[in-house]
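The values are calculated or read from the model by the stated rules, or taken from the named source; none is laboratory data. It should be emphasised that the depicted structure is a prediction, and the values quoted were computed from it without experimental measurement. Backbone-built Cβ (ideal geometry, glycine too); neighbour counts: all protein chains shown.
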Amino acid sequence: MANIIDDATIEYVGILAKLELSDREKEAAKKDMGRMLDYIDQLNELDTSGVEPMSHVLPRRNVFREDIVTNGDGSADALANAPEQKDDMYVVPKTFE
Amino acid sequence: MSKKYETVIGLEIHVELATKTKIFCGCSTAFGGAPNSHTCPVCTGMPGSLPVLNKQVLEYAIAVGLATDCEITRDAKFDRKNYFYPDNPQNYQISQLYLPICRNGRVEIETENGKKFVGIHEIHMEEDAGKLIHDEWEDCSLVDYNRSGVPLIEIVSEPDMRSAEEVIAYLETLRRLIQYLGASDCKLQEGSMRADVNLSVRESGAEKFGRRTEMKNLNSFRAIMHAIENETERQIDLLEEGKEVVQETRRWDDNKGYSYAMRSKEDAQDYRYFPDPDLMPVHVTDEMLEEIRAKQPEFRTEKIERYKREFDIPEYDIGIITETKHMADLFEETTALCGQPKKVSNWLMGETLRLLKENNADPEDIRFSPKHLASLISLVDSKAITGPVAKDVFEKMFAEDIDPEAYVEENGLKTVNDEGALRAVVEKVLTENPQSVADYKGGKQKAIGFLVGQTMKAMKGKADPGLVNQMLKELLG
Amino acid sequence: MGILDYTAVELSEQIRTGKCTAIDAMEAVFERIGEKEEEYHCYITADRESALKKAAAVQRKIEAGELTGPLAGVPVAVKDNLCTKGVLTSCASRILSNFVPAYSATAVENLEKAGAVMVGKTNMDEFAMGSTTETSYYGVTRNPVNPEHVPGGSSGGSAAAVALGECFVALGSDTGGSVRQPASYCGVVGLKPTYGMVSRYGLVAYGSSLDQIGPLTKNVTDAAYLLEAIASYDEKDSTSEPSAERDFTSALTEDVKGMRIGIPKDYFGEGLDAEVKAAVLAGAEVLKKAGAMVEEFDLGMVEYAIPAYYTIATAEASSNLERFDGIKYGYRTEQFEGLHNMYKKTRSEGFGEEVKRRIMLGSFVLSSGYYDAYYLKALRTKALIKKAFDEAFEKYDLILGPVAPSTAPKLGESLSDPLKMYLGDIYTISVNLAGLPGISVPCGKDGNGLPVGLQLIGDCFEEKKLIRAAYTYEKASAKLKEATEIS
């Protein structure tokens, strides 16, 4: 494998993605990610110099809405699925000391 | 301190735009409202919801860019900034990194040391986050998404400022400009304008910048001044002790007067920006630019020049009146109605500023209409009411924008011009104050002032003081 | 002939003419569900009582003349990643295992307007990440032809439900082949529309630049009708195309005379199963006989589609799935210490293995220092893939090829080797990268009786050509089959 994924990388990506992998999952992730990156490295065979990265396949631009209020009170719908709520707000673990 | 240091400051300013709706959905941006009432699937990050750009946001952003001499990016895009935090329902913020709407601008500022330009690196559009409320009773925080998705522009300056005074001048200049555009009310206290300060120090004459910190949570000009002084000292102390400045984000605590690092090992600061596939690119056409350019208002510098030409009022007054567009508009509209610039200016410079200060309010909060101020001026001119009455009426007008004419009528405040009635009152005052009469007759000219005052009091202010004076002199012979 | 043997269009004709009712149809569907569901497990949610109630309401409207369209009264299954107001929308994930949306996807609303009646929500690979419907939190769906095999994925529940008669038509979503490949494995028709044809509003996003909702049906006619019902310009989806032609049923004509069809040589090389190859080429022959001009050509870029796709799709997915954090909806871990621990435990427990694998990869390719090398490189590759198709469509009206390299694998065979599973998407993935429409129509069976699908690919917004060719093929091959059976 050309791409060796170490523990630190898995740890770092875990922080970014907010995933905590078990030791078994970590080993599997290291292997899988390394293999996938090796595979993705095939793209380096391609000369893409001068090619614009294409985020949208369709050429549409300037899709706007007018500045008009269309929505009413959304609190009931917003909170209907909340795991925990208080005073019409979502409850989360304390965010600062 | 043996060495001399220079402070290098750049600002990142977030300005809430004055749109009716949020940047990507049709929810209201109005302040207040019950928690989470101004929300929909889009601004609460519901699965399957999609953003659609509010056109007014783009127009405001371009307008601010034009007013700050920016290049407008003809093909702009939105990017996602990925980070987990509960105030951000999608855990990514839609912002602009790679192709921001405006770049390479500048504004001219003026301090005691003269004029200089501060460069604008870029202006980009983005969405605001929701509000986190700390629950005092339980060990948790609460999230309200009413502000989530409110449109912001972030104005990133070049590191061109060297002192707190320059920072304040820059902020005031930008604020005035954006208020003139009507793009935002720019209130620091209310958070519609927020400044993060990037600051580093270096030895005077050094070419390289020092390592910088970013200061957040600055809610007033005073806090900004204070934080800049504090952080400058902190960094110089570190350098003097032979230590290094750590590049970090710090939070200012204005009550305690110091800042602390906002660090967390869970905070990788790797935002993984990439173009948002849910939003189509923005293409600014010549027509769009022309349309926005045509709508640009006359800014302060031009306005000052014009006022100097058109209105015979002191330069000092012009300076104050043009501080805000609201005040300048009020001045011009009232003047157009009554044709008396000096009198309008007097009302604005005098009573209006006094009452604003007393109420701790800004010129944007003025509620009375030009029509009513003009009508008050004409009531005084025609001697229908006296100066003191006019001041009382003005206070009422300032508070509730009453129609002065109707108010004067309803409350019987008109000056009494009936000479017979006035003569009777004056005669009564003379008989009741024999000592003053004697004093006057004995050569004490000043005693007449007291008698005028007594008459005015008896008339409840509704007499022409000149007429009273004249009548007193006549009767005192 | 039983009620379940009708196609959707035939059924609505029966209902319209009073030969049966929407309630009868729904009853029949639930009877079939009762027989088959335990073994095949097509649905995550299917509530007989509420479905019958809705069918009764639709029947009243039909009788009152308020609903006259060709889908009025037709029982439809909806993939569980499409938001349905008041009905569990789990994306086959534990993390959404209690999520009941307050709104419906635009495509679902469009179906309701057309008078179609929802049977329930179908099983799928978790968040549409997979090709076998084995990564579902709710267990696997089995292949309707042979329960030892997978139905394909990620819209495996929808495809199997159509094939088994557990609904008349179904909606799926296709990010890299997730409608076409299960259609092929289950022997039904699956159509992936041009990007922008059907609103994505209310479709829980996997790869936002690639996702499209598409129909799974018994035949091409139903596919055209279903697509016509769900396709619309939607102001709520910035990527929705306002000016596209959406009168698909007008293309249901047997006419491919002069149509130029290209067969990419690159699609028939190493890795393609011989029986699949034979069936697909026989299909091409049918179109040739019907008057199309068919020839081979070099498409190019084929081998680069999968690496580009897995970079782009996982990057977008890593961001799209950040919103599942245990705060606003869905699963939240029981015990945690502080905010970040809550995030990590909720997500680690809430997502399955394949989803975590893709989130990790996607987060990595976007992370500092790798964005240019991986993500931008993939977007540049995508531009080249699009260019290759553009060039092909200068010469051809349509491209013809297989849907998948093989027929449905056995259960459990694919997940052990993710990369191998990804390689199975080779013929479908580039269509999503280029935003093109593609259709899978049954073209025969392998030696084990497992269905083979033939894929037709059109240029952007050329669904009508696609439907015309697929319809012609379907009619011609049926006649051919009839003739062979008689002789």
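Taken over the range B:36-59, the criterion of being over 14 Å from B:A129 (Cα atoms), part of a loop (DSSP other than H, G, I, E, B) and within 9 Å of chain A (Cβ to nearest Cβ) is satisfied by B:S37, B:C40, B:P41, B:M46, B:V52.
Residues of the range B:223-259 that are among the small types (G, A, S) and in a loop (DSSP other than H, G, I, E, B): B:G242, B:G257.
Among all residues of the range B:60-81, there is none that is at pLDDT 95 or above, at positive phi and either of a type in the set (S, T, Y) or not in a loop (DSSP other than H, G, I, E, B) (or both). One residue stands out in the range C:11-46 among those that are surrounded by fewer than 17 Cβ atoms within 10 Å (Cβ to Cβ) and among the acidic types (D, E): the one that is farthest from C:N81 (Cα to Cα), namely C:E13. Output the residues belonging to the range A:33-78 that are within 14 Å of chain B (Cβ to nearest Cβ), basic (K, R) and surrounded by fewer than 18 Cβ atoms within 10 Å (Cβ to Cβ). The answer is A:R60, A:R61.
The set of residues in the range C:316-336 that are buried (at least 17 other Cβ atoms within 10 Å of the Cβ), within 11 Å of chain A (Cβ to nearest Cβ) and charged (D, E, K, R) comprises C:E316, C:E322, C:D325, C:K328, C:R332. For the range C:1-40, filtering for residues that are among the charged types (D, E, K, R) and farther than 17 Å from C:M118 by Cα leaves 9.
Does the range A:22-30 contain any residue that is buried (at least 17 other Cβ atoms within 10 Å of the Cβ), out of contact with any strand residue (DSSP E or B) (no Cβ under 9 Å at 6 or more places or on another chain), of a type in the set (D, E) and closer than 30 Å to B:Q56 by Cα? No, that holds for no residue.
Yes/no matrix, rows are residues, columns are (1) within 29 Å of B:T285 (Cβ to Cβ); (2) of a type outside the set (F, W, Y):
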{"position": "B:D69", "(1), (2)": "yes, yes"}
{"position": "B:T73", "(1), (2)": "yes, yes"}
{"position": "B:F84", "(1), (2)": "no, no"}
{"position": "B:E126", "(1), (2)": "yes, yes"}
{"position": "B:G130", "(1), (2)": "no, yes"}
{"position": "B:H134", "(1), (2)": "no, yes"}
{"position": "B:P151", "(1), (2)": "yes, yes"}
{"position": "B:R162", "(1), (2)": "no, yes"}
{"position": "B:Q179", "(1), (2)": "yes, yes"}
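Within the range B:359-401, work out how many residues are under 21 Å from the mean Cα position of the chain (by Cα), surrounded by 13 or more Cβ atoms within 10 Å (Cβ to Cβ) and part of a helix (DSSP H, G or I). Qualifying residue count, the range B:359-401: 4. Taken residue by residue, the range B:60-67 has at least one member that is within 13 Å of another protein chain (Cβ to nearest Cβ), touching a helix residue (DSSP H, G or I) at 6+ places or on another chain (Cβ under 8 Å) and β-branched (V, I, T).
Return the residues of the range B:114-128 that are touching a residue at least 12 places away in the same chain (Cβ under 8 Å), out of contact with any helix residue (DSSP H, G or I) (no Cβ under 7 Å at 6 or more places or on another chain) and of a type outside the set (F, W, Y); say none if nothing qualifies. B:K116, B:G119, B:I120, B:H121, B:E122, B:H124, B:E126, B:E127 - these are the residues of the range B:114-128 that are touching a residue at least 12 places away in the same chain (Cβ under 8 Å), out of contact with any helix residue (DSSP H, G or I) (no Cβ under 7 Å at 6 or more places or on another chain) and of a type outside the set (F, W, Y).
Residue-wise test of (1) touching a residue at least 60 places away in the same chain (Cβ under 8 Å); (2) in contact with a Lys or Arg (Cβ under 8 Å, 6 or more places away or on another chain).
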position: C:T311; (1), (2): yes, yes
position: C:E316; (1), (2): yes, no
position: C:L321; (1), (2): yes, no
position: C:G330; (1), (2): yes, no
position: C:G338; (1), (2): no, yes
position: C:K344; (1), (2): no, yes
position: C:S348; (1), (2): no, yes
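Of the residues in the range A:79-95, at least one is touching a residue at least 12 places away in the same chain (Cβ under 8 Å), in a loop (DSSP other than H, G, I, E, B) and within 30 Å of B:N146 (Cβ to Cβ). When the range C:462-487 is filtered for residues that are in a loop (DSSP other than H, G, I, E, B) and buried (at least 18 other Cβ atoms within 10 Å of the Cβ), only C:E462 remains.
Table: residues versus (1) in a loop (DSSP other than H, G, I, E, B); (2) modelled with pLDDT under 95.
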{"residue": "C:G207", "(1), (2)": "yes, no"}
{"residue": "C:S238", "(1), (2)": "yes, no"}
{"residue": "C:E270", "(1), (2)": "yes, yes"}
{"residue": "C:K277", "(1), (2)": "no, no"}
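Scanning the range A:42-88 for residues that are acidic (D, E) and touching a Lys or Arg at 6+ places or on another chain (Cβ under 6 Å) yields one hit, A:D67. Of the residues that make up the range B:204-213, is at least one within 12 Å of the chain's Cα centre (by Cα) and not in a loop (DSSP other than H, G, I, E, B)? Taking every residue of the range B:204-213 in turn, none turns out to be within 12 Å of the chain's Cα centre (by Cα) and not in a loop (DSSP other than H, G, I, E, B). Restricting the range C:292-315 to residues that are in contact with a strand residue (DSSP E or B) (Cβ under 8 Å, 6 or more places away or on another chain) and part of a helix (DSSP H, G or I), the residue that is nearest to the other protein chains (Cβ to nearest Cβ) is C:A315. Reported count of residues in the range A:62-97, each being within 25 Å of the chain's Cα centre (by Cα) and of a type in the set (K, R), is 1. Within the range A:16-32, if we keep just the residues that are of a type in the set (D, E) and part of a helix (DSSP H, G or I), the residue that is nearest to the other protein chains (Cβ to nearest Cβ) turns out to be A:D32.
Filter the range C:177-204 for residues that are outside any loop (DSSP other than H, G, I, E, B) and within 10 Å of chain B (Cβ to nearest Cβ) and give the result.
Correct list: C:L203 only.
Just one of the listed residues (C:A107, C:A102) is within 14 Å of chain A (Cβ to nearest Cβ) and at pLDDT 95 or above, namely C:A102.
Quick check: anything in the range B:245-255 modelled with pLDDT of 90 or more, surrounded by fewer than 13 Cβ atoms within 10 Å (Cβ to Cβ), away from every other protein chain (no Cβ under 14 Å) and more than 30 Å from C:Y370 (Cα to Cα)? There is at least one residue in the range B:245-255 that is modelled with pLDDT of 90 or more, surrounded by fewer than 13 Cβ atoms within 10 Å (Cβ to Cβ), away from every other protein chain (no Cβ under 14 Å) and more than 30 Å from C:Y370 (Cα to Cα). Of a type in the set (A, V, I, L, M), within 16 Å of B:V344 (Cα to Cα) and out of contact with any Gly (no Cβ under 9 Å at 6 or more places or on another chain), is that true of B:I402? Spelling it out, it is not the case that B:I402 is of a type in the set (A, V, I, L, M), within 16 Å of B:V344 (Cα to Cα) and out of contact with any Gly (no Cβ under 9 Å at 6 or more places or on another chain).
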